[in-house]
Structure formats: C-alpha cells, structure tokens
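Please treat every number below as a calculation from the coordinates, not as lab data. Everything quoted here is computed from the prediction, not taken from an experiment. Counting neighbours? That spans all protein chains shown, and the Cβs are built from the backbone with ideal geometry, glycine included.
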Amino acid sequence: MSTSINTNIGAMMAQSALRTSGAQLDTASKKVQTGYRVADASDDASTFSVAQGIRGNLQAYGAVQQSLTNGAGLGSVTQAALTNMSDLIGNLQAKITQLADGSISANQRTIYTADFNAMTSQISNFISQANYNGINLLSAASAARTFLVDTNANTFSLTSQSGVRAAFTTFSSSSVASASQATLALTSLNTFAQTVNTALSNVASQSRALNLQNDFINSQVDAIQQGLGATVDADIGKASAEVQSRQVQRQLGVQSLSLANQQPSTLLGLFR
C-alpha cells in the first residue's frame, strides 16, 4: 500500500470501523438500558407500530378487568349478606315456633320476643350493609348493574334483588304478641325465606359467570403480554455480552486509529 501525507487510507478505515463499532455499542447499550429490543420507532418502525397497537389493546383489557373485579366484589358482598340471612332464618323459624306455642308463660314470651327482635334487627343490618362501592342490590331502589366482559363493550348484569327488602319489610311488621299472631308470622317468614333463597341462587349464578369471565380475561391478558414481550423485549443476557464485545471493538478501533495516524509521522522521519 502506498503511503501519502495527504490521504491517510489507514486512518480513514480505522475511523469508519470506529464509527460502526460506536453505533453498534450504542444500540446494544440501549437494549440493556431500556430492556427493549424495539424501544421506539427508530429501532424498527413496523414492529414498534404493532407493539403500540397491542399496548392499546392491553389498556382496553385493563378497563374490562377493573369492571369485572367490581362486579365480582359486588356479587361476593351481596352473596355473603344473603347467606347470612338464610342461616339466620332457620333460627328465626325456631324462635317463632316457640312463640306460636300457646302454653308458654308471659315471661317466656317476653324472652323469646326479645330474641326475635334481635334477630330481625340483624337481618335488617345485613340488608343495609350489603354495599360495595356505594351499590346495594338489596335496597328498595336498586337496579341491575352491568359490567364489561370484553373489549367490544359487551356487558353482563347483576340483577336487582330488591324483592328481598320488600319481603323483609312485610315480615318485620309481623307481630308475635300472641300464639295466633306468631303462627301468621311463620307464614310471612316462609315467604321471606323463599325470596332470600331465590335471590341467593340468582346472585351466586351471576357471580360465578362474572368470575369465570374474569379468569378468562386474565388468561387473555397474560397471553397478550407474553406475545408483546416476545415482539419487543431484549435478551438482556445477550445484550450485555454484546455491550462488552462492542466495547472491546471500540478500544481496538481507537488503537488502530492511533497506529494509522503514526504513519505520516514515520514518513516525515525520512526527511530528517
């Protein structure tokens, strides 16, 4: 190779190699720093565009997950209240049966009536406290509540169970002051019990459907996130090794440039 003091071919080649290794080092370092193989459009415009679309879908799925979680929470609270009422109705039935016995003394009737009133008050508490996020499906003014089940804005409803409140209002107005009145209260209690058990069956069925849909959506989100990761995530171990390799190449490039720049000095030495 000829030597020239005007054009240093070796230095030019070394500079080119240094620029290339520098760019490759920057690319590898970006993967390590961001964790992404495709962090922005400059890395891969088409892949980044696809990834952005997937991220948008995930946000929509997030809204669905939140709605389903709210629905499951409301269903669980309502179901718990109805279950406790159903359990307490058995105790009430036993107590009213005792009150329907015409042979009990006035003192016994007073004691049994106090128990009856306490249990009736507890059921009232169950109904009024069956709130989730400000919603009570057992209230007299309750309406069906709809929840998102997919990203196409399809919905599923938890229906109003206001009939429970209405049946309880009728039952709670019953008197047990005498055996004959207690017998009538038993009939009203049976109507209330049927209403509670029907509502419990409905809420349990609807809550199960919401929970199953929630599980399905969660599985979909997991699969989408895995697909997104496969599309844009960097292999950090590989990227770290590449950074080290590019750093060595860069150091060698600097040394090569230094050697190439010494050639004109060597040429000048011939004229001394």
What is the sum of charges, Lys and Arg at +1 and Asp and Glu at -1, for the other residues whose Cβ falls under 12 Å from the Cβ of A182? +1
For the range 75-214, would you read off the P(r) tail past 27 Å as a percentage of all alpha carbon pairs? 30 percent
Explain nothing, just compute: Karplus ³J(HN,Hα) = 6.51 cos²θ - 1.76 cosθ + 1.60, θ = phi - 60°, for every residue of the range 80-90 in order, whole Hz, x for Gly and Pro. 5, 5, 5, 5, 5, 5, 4, 5, 6, 4, x
Ranked from highest to lowest mean number of other Cβ atoms within 10 Å per residue, what is the order of the peptides 209-216, 222-229? 209-216, 222-229
Give me the number: length gained by fully extending A80 to A140, i.e. 0.36 nm times residue separation minus the C-alpha to C-alpha distance, one decimal in nm. 19.8 nm
P(r) tail for the range 124-205, what percent of Cα pairs lie past 17 Å? 55 percent
In whole Hz and in residue order, list the ³J(HN,Hα) couplings for the range 67-76 that follow from phi through the Karplus curve 6.51 cos²θ - 1.76 cosθ + 1.60, θ = phi - 60°; x for Gly and Pro. 5, 5, 5, 4, x, 5, x, 5, x, 5
Taking the Cβ of S49 as the centre, find all other residues whose Cβ is under 13 Å away and add up their charges (Lys, Arg: +1; Asp, Glu: -1). -2
Work out the length of the dipole vector of the range 75-214 about its Cα centre, built from +1 on the beta-carbon of each Lys and Arg and -1 on the beta-carbon of each Asp and Glu, and round it to the nearest 20 debye. 100 debye
Note down the net charge around Q65, summing +1 for each Lys or Arg and -1 for each Asp or Glu among other residues with Cβ under 13 Å from its Cβ. -3
